[in-house]
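Below: the structure, in structure tokens.
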Amino acid sequence: MTSEERLTRRALIIGAGIAGIQAALDIANSGYEVVLLDRQPSIGGHMAQLSETFPTLDCSQCILTPRTVEVGHHDLIKLLTYSEVESVSGESGDFTVRMRRKAAYVDWTRCTGCGLCQEKCPKKVDAEFEGYLGKRKAIYTLSPQAVPNKPVIDRENCIWFERQKCAACQKLCPVGAIDFEQQDRIVEERVGAIIVATGYDLYPLAQLGEYGYGAVPDVITGLQFERLLSASGPTAGQMRRPSDGKEPKEVVFVQCVGSRDPELGMPYCSKICCMYTAKHAMLYRHKVPDGQAYVFYIDIRSAGKGYEEFVQRAVEEERVLYLRGKVSKIFRDGDKVVVWGADTLSEKQVEIAADMVVLATAMVPAAGTLELARILDIAVDGCGFFVEANANLCPMETSREGIYLAGAAVAPKDIPEAVAQAGGAAAKVLALFAQWMPGEEAEMQAAALMQGAR
Amino acid sequence: MKLPYFPGCTLRNKARGFDASAREAMAILGVELVELMHWNCCGATFPLVVDNLLDLTATARVLAEARAEGPALSSEGVQLAVACATCYNVLKRTNLVMRDNQEKREKINFFIEKDYAGDLQIRHLLEVLRDQVGFEAIGQAVKKPLKGLKVASYYGCMLLRPSDEIQLDDVENPRVMEDLFRTLGAEAIVFPHRGECCGSYLAVKSADVAMEFSYRVLSSASRAGTEVLVSSCPLCQFNLDRRQGQMAQVYGGFRPLPVLYFTQLMGLAFGMGPDGYELDKHYVDPRPLLRDKGLIR
């Protein structure tokens, strides 16, 4: 154990999705400083991409934005976006973390977030945040609600970096914030505890050729469908398919795309797909009342408060046709997307000439999870997710004291579960800080908190 | 380069045009296919019953013979080149059994009185073309580019599956034949049913079912704008070609589509043939189309 005076009651949270945000607010609102890091230019993670959340159909942006704004304004939260962890040394109570702040080519201390640069930038690029269904500029923020609302320049696509021409953003920026000479910077922070909340990515579908993803434009992932549903998405929430912008009248949803497939190295259930597919089918029907939704499933796993009722609503009220079986092949035929599958209940082969297909793609650990595990010296399992100290009794702890876990970086999780675990991880960090406190100081703080509560 | 070559039974009778065009096209590319002196039927199906070793003995005998003869035939003697997709599938899978399963290997060797260890490399002509000859050299050999010819490549099952054993190409999105035909100057048509079953041996027992399978393949290719379908399997070729008369009676609006072996078009693109290619033996006559494109007289 480090000597008392070296103990730093300050936490680093890696990953600023909903889990990281929750943990950051819980710790900061208890009076401790938090460094919240994310490799994206702004916070919110995948939740910021979602249209509505199950089972309540809350607007995802609407319930997330107050949190991101609170993080952005919090005196005790230091945001380090567009940053990655390079190395960690020390031990519980006294970690030194080196981080790379990637060059944004924009001086964020000057930038006011007016958005003029994005408006005037002539270079359009397919936007990752929109699942490549919409465009952004070469200088961009992830979304209009971005926190921090500061743009970055994507060097790969910027005309200035390509051939030293244009520089429209530099010429037009009213505060002179554009800085093409900016370099990556290494910064160091001392913290006493770390929470890892790096989340998930979707399984790369190129390895599942039978589903036609990439080859057939109207075969999309669930996350892409979220963007089509979203009022702030590329179609402004109108149900239009990618190939020709037509309203799809028949949509096939395929569950367990990659999940529960030991041959692909994903023997696990991705857990959220049954619910979000029911939500997708339901929201699709709200947008296209004369449309038909089909769902291919292996089992329906709807364990959770209000979850089973939600799925039943999709079946009974929205007339979503559930077919129990797997899909063998998806291909384009004229302007249709043909789906071959099996309905194992009627023991028949099924062919559906659909207008669009949505794949409930397996969740996998976020890219770079393994490298981060090496940096932190904590374990991952055979599927690449972080390993808890004990899955039953220590679900937030890692094998290393002072390093905790939250969210889908541990295993596939939905929002309520990720938030619950994040709150738990924050409590563990706070308990650790309390242990380090000399008795007198602890009493004073408790008294101050009591007073605050009154 | 000389390569030991297993033609297989069908290339000796029903599919002589496949054999002749394969030998001629490969020779143009500097690959002499040297036929094994002693060979027998490959077995024609890989048995689905796991303990039926008797079905593997004919195949194993071919492999043992090829291993024994090969080194004298060519410096590439540990390879065995195969043109027929079904023979290739059976030989390759049996070879893996002989290589990886000690118990079965010993039993089979005991029965056929050989001592074969599974150390041959079974190579389909498409693999030889892609990996040993290379598309660049193929392109240089083209005399009459297949310009304007819309060629759909049909893989069927045997060239690709089971993927972990065959490993010739991406099982869902193969490209070797399309790459070949683009190299030959053709327009390569990619159609969704190129890896679907043609009906295979159902042609013997349930001809109608087989016909439906073949029809789906052909109509899918037609809808994609195909002018000619190419195959590397005599059984697929038979099912797809020979049933078209019947299809025309059963399915309204059916358009006949010539079905060739990939080597026949290769030979023509190299300025060879059509002597010995037996184009007249195809049920749907490909000659009007080939004449139209200036590939034959």
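The values are calculated or read from the model by the stated rules, or taken from the named source; none is laboratory data. The model shown is predicted, which means the values in this text are computed figures rather than measured ones. Ideal geometry is used to build each Cβ from the backbone, glycine not excepted, and the neighbour counts take in all protein chains shown. Ligands, DNA and RNA are stripped out before the accessible areas are found, and what is left, the full protein with its side chains, is counted by its heavy atoms. Shrake-Rupley method; radii C 1.70, N 1.55, O 1.52, S 1.80 Å.
Some notes on this structure:
- Residue list for the range A:330-389, filter: more than 30 Å from A:Ala197 (Cβ to Cβ), away from every other protein chain (no Cβ under 14 Å) and part of a loop (DSSP other than H, G, I, E, B): A:Thr344, A:Leu345, A:Ser346, A:Glu347, A:Asp355
- Set side by side, the residues B:Gly271, B:Gly276 differ, and just one is open to solvent by 10 Å² or more (accessible area, probe 1.4 Å) and either out of contact with any Gly (no Cβ under 9 Å at 6 or more places or on another chain) or of a type in the set (Val, Ile, Thr) (or both), which is B:Gly271.
- Selection within the range A:166-184 - in contact with a Ser or Thr (Cβ under 8 Å, 6 or more places away or on another chain) and without any contact (Cβ under 8 Å) to a residue 40 or more places away in the chain: none
Rundown of residues vs (1) within 14 Å of another protein chain (Cβ to nearest Cβ); (2) touching a residue at least 40 places away in the same chain (Cβ under 8 Å); (3) open to solvent by 10 Å² or more (accessible area, probe 1.4 Å), yes/no style:
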{"position": "B:Val190", "(1), (2), (3)": "yes, no, yes"}
{"position": "B:Ser200", "(1), (2), (3)": "no, yes, yes"}
{"position": "B:Glu212", "(1), (2), (3)": "yes, no, yes"}
{"position": "B:Ser222", "(1), (2), (3)": "yes, no, yes"}
{"position": "B:Gly225", "(1), (2), (3)": "yes, yes, yes"}
{"position": "B:Val228", "(1), (2), (3)": "no, yes, no"}
{"position": "B:Cys233", "(1), (2), (3)": "no, yes, no"}
{"position": "B:Asp241", "(1), (2), (3)": "no, yes, no"}
{"position": "B:Gly245", "(1), (2), (3)": "no, no, yes"}
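- For A:Arg163, the stated conditions do not hold, so it cannot be described as in contact (Cβ under 8 Å) with a residue 24 or more places away in the chain and away from every other protein chain (no Cβ under 14 Å).
- Qualifying residues in the range B:10-45 (those that are open to solvent by less than 40 Å² (accessible area, probe 1.4 Å) and within 18 Å of B:Pro162 (Cβ to Cβ)) - the one farthest from the chain's Cα centre (by Cα): B:Gly43
- Applying a threshold of 7 Å to beta carbon distances and a minimum spacing of six or more residues, or different chains, the list of pairs starting in the range A:141-152 at a residue that is not assigned by TED's automatic domain parsing to the domain that holds A:Gln49 and assigned to a loop (DSSP other than H, G, I, E, B) and ending at one that is open to solvent by 30 Å² or more (accessible area, probe 1.4 Å) and of a type in the set (Val, Ile, Thr) reads A:Gln145/A:Thr65; A:Val147/A:Val69.
- If the condition is being surrounded by 15 or more Cβ atoms within 10 Å (Cβ to Cβ) and within 13 Å of A:Gln255 (Cα to Cα), then the range A:322-338 contributes A:Tyr322, A:Leu323, A:Arg324, A:Gly325, A:Lys326, A:Val327.
- Lone qualifier among A:Ala427, A:Ala434, A:Ala422 - being in a helix (DSSP H, G or I), more than 30 Å from A:Gly258 (Cα to Cα) and modelled with pLDDT of 95 or more: A:Ala427
- Looking only at the range B:70-120, and only at residues there that are in a helix (DSSP H, G or I) and acidic (Asp, Glu), the one that is nearest to the chain's Cα centre (by Cα): B:Asp100
- A:Ser89 passes every criterion in (1) of a type in the set (Ser, Thr, Tyr); (2) in contact with a helix residue (DSSP H, G or I) (Cβ under 9 Å, 6 or more places away or on another chain); (3) in a strand (DSSP E or B) apart from (2).
For every residue, the table says whether it meets (1) without any contact (Cβ under 8 Å) to a residue 60 or more places away in the chain; (2) of a type in the set (Asp, Glu).
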{"site": "A:Ala231", "(1), (2)": "no, no"}
{"site": "A:Ala236", "(1), (2)": "yes, no"}
{"site": "A:Met239", "(1), (2)": "yes, no"}
{"site": "A:Asp244", "(1), (2)": "no, yes"}
{"site": "A:Gly258", "(1), (2)": "no, no"}
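- Members of the range B:145-188 that are within 11 Å of another protein chain (Cβ to nearest Cβ) and either within 19 Å of B:Lys293 (Cα to Cα) or touching a His at 6+ places or on another chain (Cβ under 8 Å) (or both): none
- A:Arg39 within 16 Å of the chain's Cα centre (by Cα) and open to solvent by 40 Å² or more (accessible area, probe 1.4 Å): yes
- Failed item in (1) within 14 Å of chain B (Cβ to nearest Cβ); (2) touching a residue at least 40 places away in the same chain (Cβ under 8 Å); (3) open to solvent by 40 Å² or more (accessible area, probe 1.4 Å), with A:Lys249 passing the rest: (1)
- Filter result for A:Val311 (closer than 19 Å to B:His193 by Cα, β-branched (Val, Ile, Thr) and either modelled with pLDDT of 95 or more or open to solvent by less than 30 Å² (accessible area, probe 1.4 Å) (or both)): no
- Exclusive hit being at pLDDT 95 or above, open to solvent by 40 Å² or more (accessible area, probe 1.4 Å) and in a helix (DSSP H, G or I), set A:Ile27, A:Ile63, A:Ile21: A:Ile63
- When A:Leu370, A:Leu359, A:Leu376 are checked against the criterion of being within 25 Å of A:Gly44 (Cβ to Cβ) and not assigned by TED's automatic domain parsing to the domain that holds A:Gly17, a single residue qualifies: A:Leu359.
- Sole exception among (1) out of contact with any helix residue (DSSP H, G or I) (no Cβ under 7 Å at 6 or more places or on another chain); (2) open to solvent by 30 Å² or more (accessible area, probe 1.4 Å); (3) without any contact (Cβ under 8 Å) to a residue 40 or more places away in the chain for B:Arg123, by number: (3)
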